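Heads up, the thing below is written out as C-alpha cells.
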Amino acid sequence: METFAGGFTLVDQRRVTTTADLDAAAVHDVLHSIYRPMRAKPAEAMRVTFSLDLLLFRPA
C-alpha cells in the first residue's frame, strides 16, 4: 500500500472468507498456488478456508 499512498486514500477495508470441500487434486493445486506449497505429507481431500482482504481506494 505504501507504493500508492501518495496517489490514493484508503476508503474501506473488508475481509471476505469462504470454505470449500476440495478433493486431493484440488488441494494439491491450491498448495502450488500459495507462497508455502511444501507439506510433510501428500495432499488429501479436505475442507479449506479462503480469505481475501478487499481494499477500496479513491484518488487522493
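None of the figures in this text is laboratory data; all of them are computed from the coordinates on show. A quick note: this is a predicted structure, and the numbers were derived from the prediction, not measured. Please note: Cβ atoms are built from the backbone with ideal geometry, for glycine as well, and neighbour counts cover all protein chains shown.
Return the sequence-ordered ³J(HN,Hα) values of region 49-60 in whole Hz as given by the Karplus equation 6.51 cos²θ - 1.76 cosθ + 1.60 applied to θ = phi - 60°, using x for Gly and Pro.
Karplus values, whole Hz, x for Gly and Pro: 10, 10, 9, 10, 9, 9, 10, 10, 10, 10, x, 6.
With a point put 7 Å past each Cα toward its Cβ, work out how far Arg58 is from Ala20 in nm, to one decimal.
Rounded to a tenth, the inter-label distance reads 3.4 nm.
Please determine, in degrees from 0 to 90 and to the nearest 10, the orientation of helix 24-33 with respect to the longest principal axis defined by the Cα atoms of the chain, where the helix direction is its Cα long axis.
Roughly 40 degrees, rounded to the nearest 10.
Let me know the whole percent of all Cα-Cα pairs from region 2-59 that are separated by more than 13 Å.
Within region 2-59, distances greater than 13 Å cover 71 percent of Cα pairs.
Give me the one-decimal nm value for the distance between modelled label points at Thr49 and Asp12, 7 Å along each residue's Cα-to-Cβ direction.
Result for the modelled spin labels: 2.3 nm.
7 Å from Cα along Cα→Cβ at both Ser33 and Phe4: what's the point-to-point distance in nm?
2.1
Got the relative contact order for the chain handy, in percent, Cα pairs under 8 Å and 6 or more residues apart?
56
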